[in-house]
Amino acid sequence: MEDAKPMLLVLSLLVVAILPTLRANIADFDEVWKKRAEDAKKASLEAYDPHPERVTQNVNEEVHEALEGDDGKRRNLKKYNGPCTATNPIDRCWRCDQDWASNRKKLADCALGFGRKATGGKDGEIYVVTDPSDDSLLDPKPGTLRYAVLQPQPLWIIFAHNMMIKLSQELMVTSNKTIDGRGANVHIANGGQITLQFVRNVIIHGLHVHDNKAGNGGMIRDSFDHFGLRTRSDGDGISLFGATDVWIDHISMWNCQDGLIDAIMASTAITISNCHFTHHNEVLLFGGSDTYSDDKVMQVTLAFNHFGKGLVQRMPRIRWGFVHVVNNDYTHWLMYAIGGSQQPTVISQGNRFVAPPSLFAKEVTKRGYTPESVWKSWNWRSEGDLLLNGAFFVESGSPITNLDTKDMIPAKPGSFVARLTRFAGALACVKGKPC
């Protein structure tokens, strides 16, 4: 029996290591969390679109309309000080309105792609964050961001002034919330991550999120009327766990301890757009486990993002789901850009891929340790991508024309990407002027 003790200790440590992933850092999976998990699974199934190709077609149509008559040659990436120019269809919906600050909720009508149904706090009051502190995890002060995101009603959350918010532990965001950083220079940095766990209908816009660290956990309030013991958090920028109808737009992100954005455990109906990612290793993770087949419902749109300096891999790395990668600018990677396992579908349209100097990193795609005899049937397609400096995309599966639509409009080609992504990242919006 003495010889068995070391093995029992190893097994115990394995259980401790595995459970936080399966249970999303919930130490006590009580009746409240069980109900939330059940509701989240139902929401994922409801949000799943059985015809994802129609969603990709809609995005392409909107891009064509936004660039009607544009020859795509206006690619000067120097700082722009001229009149407002909305260079893609999402931005065209709201950016050049000089009264945007009075019409903030117009943003809720502007999403495209799989997260297009996210309206966040559109049906609620505007809540102004005035206090950047995060001193109490159980009884947060009114005026703080933590207090705002825990309220039970829909809220459109804005910021009174520029602020640096260092989260003492992960920030548990509840359903029907918009976090809108426009008009202030807001940094969520050097502390805990933003967590969307078993929630739906959330918009996060206009923030700088960087240098987040893993949290030690502890007693943390996760809603207005519930708190519980949390285990260690990962140190992501933004973590989606069983979350649906989520739109992440115009966020500048870099250098977090784990991923910049992770979407796992049947998260779906997600759009990530107009973001600027820099200086990070494992950038985006969609699907956290090769064994969690419920991630088959995961559907994500990546549009008009700039993958910039100092990035290594996972832009994104996908398991099981369907990802539309459209009109993004990939100007830096060290290992690969798009990777995956467990038969995900990847539709890459009109992106610009600039390969690094290394002869060993020219391939855009990476399919892990899966043999070609398996991955050759996965549907990974490239259409209109601009492949530069020796970049190449290894396709597999069926051609795009075999998708379930006969009139799919192609995305704008990769030569338009510099214009479409010109204003990626958090914007310096000023009240009374177009953003």
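With Rg and Dmax of the Cα atoms in Å defined as stated, name the option among [x] 22.3, 70; [y] 23.2, 83; [z] 21.2, 78 computed from the structure displayed.
Given [x] 22.3, 70; [y] 23.2, 83; [z] 21.2, 78, the structure-derived one carries the label [z].
What is the local net charge at S175, summed over the other residues whose Cβ is closer than 11 Å to its Cβ (Lys, Arg +1; Asp, Glu -1)?
Charge balance near S175 sits at +1.
What residue among P344, P140, P50 shows peak mean-square fluctuation when the chain is described by a Gaussian network model with Cα springs under 10 Å?
Maximum among the listed residues: P50.
Would you list which aspartates and glutamates come within 16 Å of K213, measuring only between C-alpha atoms, while excluding same-chain residues fewer than 8 positions from it?
D134, E170, D234, D236, D258, D262, E282
Test of understanding: ordering L334, L171, L311, L427 by Cβ neighbours within 10 Å, fewest first, what list do you get?
L334, L427, L311, L171
Kindly point out, ordered by number, any Cys in the chain whose beta-carbon has no other cysteine beta-carbon under 4.7 Å away.
So far as the 4.7 Å Cβ criterion goes, C256, C275 stand without a partner in the chain.
Which cross-chain or sequence-distant (5 or more) residues have an amide H under 5 Å from the amide H of Q343, H modelled 1.01 Å from N in plane?
Under 5 Å from the amide H of Q343: W320.
What are the residues whose amide H is under 5 Å from the amide H of F227, where those residues sit 5 or more places off or on another chain and H is modelled from the backbone?
Sorted by chain and number, the residues that satisfy this are D222.
In a shell of Cβ-Cβ distance under 10 Å around N201, excluding N201 itself, what net charge do Lys and Arg (+1) and Asp and Glu (-1) give?
Here the charged neighbours net out to +2.
Mind telling me which of V300, V394, V59 comes out most flexible in a GNM of the chain, alpha-carbon contacts under 10 Å?
In this elastic network of the chain, the residue with the biggest mean-square fluctuation among V300, V394, V59 is V394.
Mind telling me which of L229, L107, L137 comes out most flexible in a GNM of the chain, alpha-carbon contacts under 10 Å?
Result for the chain, Cα springs under 10 Å: L229 fluctuates most.
Excluding residues on the same chain fewer than 8 positions from K412, give the lysines whose Cα lies under 25 Å from its Cα.
Output for K412: K73, K78, K79, K117, K309, K362, K366.
For region 220-268, run through the trypsin sites (Lys or Arg not before Pro) and keep only the ones in DSSP coil with at most 16 other Cβ atoms within 10 Å of their Cβ.
In loop regions of region 220-268 (DSSP not H, G, I, E or B), the sparsely surrounded trypsin sites (Lys or Arg not before Pro) are R232.
Pull up all non-local amide H partners of K366: gap of 5 or more, or a different chain, and H-to-H distance under 5 Å with H placed in the peptide plane.
I338, G339, G340
If you rank H210, H324 by fewest surrounding Cβ atoms within 10 Å, what's the result?
The most exposed by this proxy come first: H210, H324.
Quick one: 3J(HN,Hα) in Hz for region 252-266, Karplus 6.51/-1.76/1.60 with θ = phi - 60°, rounded, Gly and Pro as x.
9, 9, 6, 6, 9, 5, 10, x, 6, 9, 10, 10, 9, 6, 6
Using only Cα atoms, locate the centre of region 103-166 and the centre of region 346-374, then give the distance between them in Å, rounded to an integer.
Each part reduced to its Cα centre gives a spacing of 37 Å.
Please list 3J(HN,Hα) in residue order for region 197-204, calculated via the Karplus relation 6.51 cos²θ - 1.76 cosθ + 1.60 where θ = phi - 60°; whole Hz, with x for glycine and proline.
Those phi angles translate into 10, 6, 10, 9, 6, 10, 10, 10 Hz.
Spelling out what I want: for every residue of region 353-358, take phi, set θ = phi - 60°, compute 6.51 cos²θ - 1.76 cosθ + 1.60 (Karplus), and round to whole Hz; glycine and proline get x.
10, 9, 6, x, x, 4
Every read-out reported here was derived from the displayed coordinates using simple, explicitly stated rules and does not represent laboratory data. Please read all numbers here as calculations on a predicted model, not as lab measurements. Please note: Cβ atoms are built from the backbone with ideal geometry, for glycine as well, and neighbour counts cover all protein chains shown.
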